[in-house]
Amino acid sequence: MLPVAEIIRKKREAQPLNSEELAFLVKGFSDGSIPDYQISAWLMASFLCGMDREETFVLTTLMRNSGKTLDWRQLSQNFKSARFADKHSTGGVGDKVSLILAPLAVCLGLKVPMMSGRGLGHTGGTVDKLESIPGFSMRLDEKQMIRCLDEVGVCMMSQSSELCPADKKLYSLRDVTATVESIPLITASIVSKKWAEGIDAIVYDVKCGSAAFMAHLDQAENLSRSLVRISQKAGIKALACVTRMEEPLGSYVGNSMEVEESIWILKDEYPSPLHREIIAPLRQLCIDLSSEMAVLAGTRADMSTARVDCEAAISSGEAYRVFEKMLKTQGAHDNWFESLPRAKHQLVYESPEAGHVLEILSRDLGILGVKLGVGREKSEDSVDPAIGFEMLVRPGMRVERGTPLLKFHAHTPDALDSIRDALEKIFIIEDHPEKLRILGGASKTTNLLMERVHV
Ligand code: URA
């Protein structure tokens, strides 16, 4: 075996590492025999020079095998003919899709063992949203997971230290060495965890736009192809949907608020026609992604049948019943809904001028949220589950001076004062005829899907 410095040099010269070299690095990093500074140098060399498909697959396999792996059919007789599927999103502002999609996917005949993360940076995390529910626990042991999947069809887990520990350690190091945004490293990190989950099919929701990890379509397509190819090599059926991430997803951005909003969709009951309009693209995305999962895993023959069945699951109340059962099975208190943390004040931010909403700078809104405690900057920070933003407009809408644009759900009556200037920069309101012509179309569309990538 080459010394570590020689392996780093090889990568620096853009040569692919072989499986023995990668195994040596991953094992040495995991057991502490190779120091962080050498792994950091290898990460940066990999970031700059890339990795070929074989290298990416080997790294994925090593990270997957660094911990426990789940094989549901071995774990229970009841799962012999079940289809296991999941969805993974690369992260968005107000992205509560998992909360709505998981019950819908169960209604389409799937088992959904969903492992989620906490929010980091300007995007939120499913764990933070669900943990705002009093009593709800995502730290499940194997027996509890089996019970949830058997009795409800879904289990929502936080990433445990047992699954892919090498990825957990490596991701923390990437976070502080500016090596996160590398397609092969992201691919190995995501696919290793999904593979360890023991699923048959995965749909990736690859966010694209100014508020996403991947700002441009070509980057999102490259990541999509990489995720799909490596998943398929691992024997998982895979599809990537590139979806627009220019405006917050839905009306609410805030942890317990997003739980409430998910219930509106599952029950198809909205506080007002305006909320229904703002939420329509999110609702459509949830139906489309759950339908894609069912078609990919083979529990539905085609997208139109799956979509009709999703609508029926919502209107019959079945989707909401699955959601409630999931909460109860994972420990939510009987009065969980009444006890959701809620902020006392809803402070209305009004438009300072008349015009059209050209843009809502969602990344900046997410970053403002992090400063206020909606999200977190560092993984050890805590979040405030009660506070958040309620969007009252979408891009393209006409507003007058004084039209409410947003409500800040806050703990104190004067909380809006300190963020008014920031909000003024987040809502871009203009009457520019050229830009409006483009947005006139965009605002009407409820379709966030830009492209499907099968490979
Ligand atoms: N999410 C992950 O789990 N890993 C990455 O590398 C990036 C996003």
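Scan GLU324, GLU277, GLU318 and give me the residue that is out of contact with any Ser or Thr (no Cβ under 6 Å at 6 or more places or on another chain) and either closer than 22 Å to ARG244 by Cα or open to solvent by less than 20 Å² (accessible area, probe 1.4 Å) (or both).
Details: GLU324 fails: either closer than 22 Å to ARG244 by Cα or open to solvent by less than 20 Å² (accessible area, probe 1.4 Å) (or both); GLU318 fails: either closer than 22 Å to ARG244 by Cα or open to solvent by less than 20 Å² (accessible area, probe 1.4 Å) (or both).
Of GLU324, GLU277, GLU318, the one residue that is out of contact with any Ser or Thr (no Cβ under 6 Å at 6 or more places or on another chain) and either closer than 22 Å to ARG244 by Cα or open to solvent by less than 20 Å² (accessible area, probe 1.4 Å) (or both) is GLU277.
May I ask you to list the residues in segment 142-163 that are in contact with a helix residue (DSSP H, G or I) (Cβ under 8 Å, 6 or more places away or on another chain) and at pLDDT 95 or above?
Hits for segment 142-163 are ILE146, ARG147, CYS148, LEU149, ASP150, GLU151, VAL152, GLY153, VAL154, CYS155, MET156.
Would you mind finding the one in VAL370, VAL383, VAL393, VAL374 that is of a type outside the set (Phe, Trp, Tyr), assigned to a loop (DSSP other than H, G, I, E, B) and farther than 15 Å from LEU249 by Cβ? Step through it out loud before you land on a result.
Numbers: VAL370 fails: assigned to a loop (DSSP other than H, G, I, E, B); VAL393 fails: farther than 15 Å from LEU249 by Cβ; VAL374 fails: farther than 15 Å from LEU249 by Cβ.
From the options VAL370, VAL383, VAL393, VAL374, the qualifying one is VAL383.
Might you let me know whether segment 68-84 holds any residue that is assigned by TED's automatic domain parsing to the domain that holds VAL180, hydroxyl-bearing (Ser, Thr, Tyr), farther than 18 Å from GLY117 by Cα and touching a residue at least 12 places away in the same chain (Cβ under 8 Å)?
yes
When you scan segment 382-389, do you find a residue that is modelled with pLDDT of 90 or more and loosely packed, with under 12 Cβ neighbours inside 10 Å, even just one?
Filtering segment 382-389 down to residues modelled with pLDDT of 90 or more leaves 382-389.
Going one step further and asking which of them are loosely packed, with under 12 Cβ neighbours inside 10 Å, we end up with 382.
Checking segment 382-389: at least one residue is modelled with pLDDT of 90 or more and loosely packed, with under 12 Cβ neighbours inside 10 Å.
Does ARG244 satisfy the criteria of being open to solvent by 10 Å² or more (accessible area, probe 1.4 Å) and touching a strand residue (DSSP E or B) at 6+ places or on another chain (Cβ under 9 Å)? Before the answer, list the steps.
Working: open to solvent by 10 Å² or more (accessible area, probe 1.4 Å): yes; touching a strand residue (DSSP E or B) at 6+ places or on another chain (Cβ under 9 Å): yes.
Yes; evaluated as a whole, the condition is true for this residue.
When you scan segment 227-321 for helices (runs of 4 or more DSSP H) that lie fully inside it, which ones turn up with 3 or more residues that are more than 16 Å from the chain's Cα centre (by Cα) and within 30 Å of MET51 (Cβ to Cβ)? Break it down into steps so the answer makes sense when it comes.
Working: elements: 255-267, 273-297, 303-315.
It comes to 273-297.
Would you point out the residue of segment 57-86, among those that are surrounded by 24 or more Cβ atoms within 10 Å (Cβ to Cβ) and within 16 Å of the ligand (Cβ to nearest atom), that is nearest to ALA312 (Cα to Cα)?
We begin by selecting, within segment 57-86, every residue surrounded by 24 or more Cβ atoms within 10 Å (Cβ to Cβ); these are 59-60, 63, 85-86.
Within this subset, residues satisfying the condition of being within 16 Å of the ligand (Cβ to nearest atom) are 59-60, 63, 86.
Details: LEU59: 42, THR60: 39, MET63: 40, ASP86: 21 Å.
Only one residue tops the list, namely ASP86.
List the number of the failed condition for GLY441; all other conditions in (1) of a type in the set (Gly, Ala, Ser); (2) at pLDDT 95 or above; (3) closer than 22 Å to THR243 by Cα hold.
Condition not satisfied by GLY441: (2).
Condition test on VAL26, is it touching a residue at least 60 places away in the same chain (Cβ under 8 Å), surrounded by 20 or more Cβ atoms within 10 Å (Cβ to Cβ) and assigned to a helix (DSSP H, G or I)? Break it down stepwise before answering.
Values: touching a residue at least 60 places away in the same chain (Cβ under 8 Å): yes; surrounded by 20 or more Cβ atoms within 10 Å (Cβ to Cβ): yes; assigned to a helix (DSSP H, G or I): yes.
Here the answer is yes, as VAL26 does meet what is asked.
Those residues that are surrounded by 15 or more Cβ atoms within 10 Å (Cβ to Cβ) and not in a helix (DSSP H, G or I), I need them from segment 29-43; list them, please. It would help to see each step written out before you state the result.
Step one: of segment 29-43, the residues surrounded by 15 or more Cβ atoms within 10 Å (Cβ to Cβ) are 29-30, 34, 36, 38-43.
Matches in segment 29-43: ILE34 only.
Filter segment 94-122 down to residues that are closer than 16 Å to PHE79 by Cα and open to solvent by 20 Å² or more (accessible area, probe 1.4 Å), then give me how many there are.
Summing the residues that are closer than 16 Å to PHE79 by Cα and open to solvent by 20 Å² or more (accessible area, probe 1.4 Å) in segment 94-122 gives 3.
Being in the same structural domain as MET114 (by TED's automatic domain parsing) and among the small types (Gly, Ala, Ser) narrows it down to one of GLY331, GLY355, so name that one. Step through it out loud before you land on a result.
On the way: GLY355 fails: in the same structural domain as MET114 (by TED's automatic domain parsing).
The conditions single out GLY331.
Kindly indicate whether any position in segment 360-373 is open to solvent by 10 Å² or more (accessible area, probe 1.4 Å), farther than 24 Å from GLU131 by Cα and not assigned by TED's automatic domain parsing to the domain that holds CYS208.
yes
Of all residues being not in a helix (DSSP H, G or I) and not small (Gly, Ala, Ser) in segment 175-201, which is farthest from the ligand (Cβ to nearest atom)? Just the residue, please. First the steps, then the outcome.
Within segment 175-201, the subset not in a helix (DSSP H, G or I) is 177-182, 197-201.
Narrowing further to those that are not small (Gly, Ala, Ser): 177, 179-181, 197, 199-200.
Details: THR177: 13, THR179: 9, VAL180: 6, GLU181: 8, GLU197: 12, ILE199: 15, ASP200: 20 Å.
Once the filter is applied, the top-ranked residue is ASP200.
The values are calculated or read from the model by the stated rules, or taken from the named source; none is laboratory data. For clarity, every value in this text was computed on a predicted model and none was experimentally measured. Please note: Cβ atoms are built from the backbone with ideal geometry, for glycine as well, and neighbour counts cover all protein chains shown. With ligands, DNA and RNA removed, areas are computed over all heavy atoms of the protein, side chains included. Shrake-Rupley method; radii C 1.70, N 1.55, O 1.52, S 1.80 Å.
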